[in-house]
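One structure is given here, and the rest of the page talks about it.
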Amino acid sequence: MAIHIHDTLAGKKVALEPIAPGRIGFYACGPTVYDMSHVGHARSYIVWDVVVRHLRARGLTVKYVRNFTDVDDKIIKRANERGEDPVALAARFADEYLADMDALGNLRPEAAPRVSEHIPQIVTLIERLVEREFAYAPGNGDVYYAVRRFPDYGRLSRRNLDDLQAGARVDPGEAKRDPLDFALWKGAKPGEPAWDSPWGKGRPGWHIECSAMTLEHLGAPFDLHGGGKDLVFPHHTNEIAQSVGAVGDGVHAETFARHWMHHGFVEIDDEKMSKSLGNFFTIRDVLARHDAEGLRLFLLGTHYRNDFNFSDALLAEAERRLAYLYETLEKADRIGAGAEPAAEAPFAGEARAALDDDFNTPRVLGILADVFTEANALCDAKGKKSPADRARLAAFARDARAVAGLLGLLSRAPAEALRALRDRAALRRGVDGAEVERRIVERAQARKDKDFARSDAIRDALLAQGVVLMDGPQGTSWKVE
RNA sequence: GGCACCGUCGCCAAGUGGUAAGGCCCGGGUCUGCAAAAUCCGUAUUCGGCGGUUCGAAUCCGCCCGGUGCCUCCA
């Protein structure tokens, strides 16, 4: 019954036991907003969305914090290229990101802090690190973290300082005592946004913002910190070092975030999708052609810790699968209408148990597959439905929605969703819906005249365009493959 | 080079000691004017390879082969 998660810090599955009973403080590393978000980001935040939904469904009060990194080298670089103010550019892409999150159906976090709004907290944190001698200011405007001061350094990423030593490097102009030390504060350079500090004008280093924002919004220690697995080192490793040095016991990683979750990458042709490789699809572009729930279903078909190979064909398959789920729901709704729903079916409990086990969404989809098949069989069975059957179908529809809701799926009215799905597919195939409707009318007349040759010719012609006709008691409906 | 991860049916993908979920595809049946949809039946004695531990391993250990990631910005 207890919820278990794979904790990167522990290196294994552990029970999630809230620090304060019934409450979970959860921090998800947000995006660096210098461009449109891509499918990799979509997966990341859909995963965290499911985590939050399920924890809440289990009765926990979750405070979900998801930051924006809006002060950063890449943002400055991009802004300078475009002759735009870095903070304004970041704000614009933050808005785009939020629009994408809404479009994906992700719950909004309780707090969405930005680096640019937490400079005083960051400065205070760095001051404390200097006081406690975890950091030093060599006088060049920079402040560095002294990695050797923190005995637990590298535990999260399972690295020791000696292994890291080999690959370490120091950029010209830096004044590190140890090559592995990293910047907490960077002295201002021309053309960069800068804030006042005890060390002169400058801006925060990459990792310190998350320390400051978690402490501001969740305090330390807090329960759960999440991010992509690419953040384990150096970002989260350094975040632990800073936070434990400033507000923890100075020794143990647990005195910052208790548990850490990391998800796998989205890949294209088995290579990591990333801005730097240029092999990415933006969320905006994908949702122009595909259904958001279809994308969720597709993404959640793989466990969050595994890498995920993205492909258009597989996404389309997931959308057809989503259409099947909605078609089934529509039938069950119709037949079960007015019936008093039966008690909760066992599958709902099984699905929740699967999520308890490190958020096993593929297993949930497997469980749903079985009950949808059963429901369909019941809907299509010949003869009048008994009150018990109708009660079962009503319960199925209710419970299926509840389970799917944990994944952010099946949230729409079936008819509306099916229309949206068909429109998207028609758009992709270049199918004209009005023309299809006209052909269906023609074919209906042909069938009435028993002119099956003509009727079949029309159907075959439509099929060649990807339009599938389905003759039923209420007439002919169609969909696009 | 260091540190991790991954390799399960044609494709996607669960399963981490007790004898291989599920989806797509495919073959056959029911339904249908014929189809489609839906449904039923069938489809991996086997989990990259070779050894080992064990009463028992896809699951643990070792070696090998293949792939990826992190070590520099990244969800």
The one condition A:V50 fails out of (1) among the β-branched types (V, I, T); (2) at pLDDT below 95; (3) in a helix (DSSP H, G or I) is (2)
Give all pairs with beta carbons closer than 6 Å in which a residue from segment A:459-479 that is of a type in the set (D, E, K, R) meets a residue that is open to solvent by 40 Å² or more (accessible area, probe 1.4 Å); count only pairs at least 6 apart in sequence or on separate chains. A:K479/A:R422
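Answer yes or no as to whether A:R363 is assigned to a helix (DSSP H, G or I) and not assigned by TED's automatic domain parsing to the domain that holds A:Y326.
Working: assigned to a helix (DSSP H, G or I): yes; not assigned by TED's automatic domain parsing to the domain that holds A:Y326: no.
Here the answer is no, as A:R363 does not meet what is asked.
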Does segment A:449-481 hold any residues that are within 39 Å of the chain's Cα centre (by Cα), more than 7 Å from RNA strand B (Cβ to nearest atom) and open to solvent by less than 80 Å² (accessible area, probe 1.4 Å), and which are they? A:L462, A:G466, A:V467, A:T476, A:S477, A:W478, A:K479, A:V480
Any idea how many residues of segment A:278-297 are within 11 Å of RNA strand B (Cβ to nearest atom) and open to solvent by 20 Å² or more (accessible area, probe 1.4 Å)? 3
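Answer yes or no as to whether A:L322 is open to solvent by less than 10 Å² (accessible area, probe 1.4 Å) and either more than 8 Å from RNA strand B (Cβ to nearest atom) or within 17 Å of A:G301 (Cβ to Cβ) (or both).
yes
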Scanning segment A:398-426 for residues that are touching a Lys or Arg at 6+ places or on another chain (Cβ under 6 Å) and in a helix (DSSP H, G or I), which turns out farthest from A:W478 (Cα to Cα)? A:L406
Kindly provide the set of residues from segment A:448-481 that are of a type in the set (D, E, K, R), in a helix (DSSP H, G or I) and closer than 23 Å to A:E327 by Cβ, ordered by number. A:R459
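Condition test on A:D333, is it touching a residue at least 60 places away in the same chain (Cβ under 8 Å) and either surrounded by fewer than 16 Cβ atoms within 10 Å (Cβ to Cβ) or out of contact with any helix residue (DSSP H, G or I) (no Cβ under 8 Å at 6 or more places or on another chain) (or both)?
No.
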Among (1) buried (at least 17 other Cβ atoms within 10 Å of the Cβ); (2) touching a Gly at 6+ places or on another chain (Cβ under 9 Å); (3) outside any helix (DSSP H, G or I); (4) not aromatic (F, W, Y), which single condition is A:G59 missing? (1)
Matching entry among A:R203, A:R258, A:R177 (being assigned by TED's automatic domain parsing to the domain that holds A:P109, of a type outside the set (D, E) and at pLDDT below 95): A:R177
List, please: which pairs have Cβ atoms under 9 Å, are six or more places apart or on different chains, and start with a residue in segment A:71-100 that is outside the structural domain of A:P120 (by TED's automatic domain parsing) and end with one that is of a type outside the set (K, R) and outside any helix (DSSP H, G or I)? none
Looking for something crowded, with 17+ Cβ neighbours inside 10 Å and polar (S, T, N, Q) - is there at least one such residue anywhere in segment A:436-446? no
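The values are calculated or read from the model by the stated rules, or taken from the named source; none is laboratory data. What you see is a predicted model; the values in this text were computed from it and never measured. For neighbour counting, all protein chains shown are included, and Cβ atoms are generated from backbone atoms with ideal geometry for every residue, glycine included. Keep in mind that these areas ignore ligands, DNA and RNA; they rest on the heavy atoms of the full protein, side chains included. Shrake-Rupley method; radii C 1.70, N 1.55, O 1.52, S 1.80 Å.
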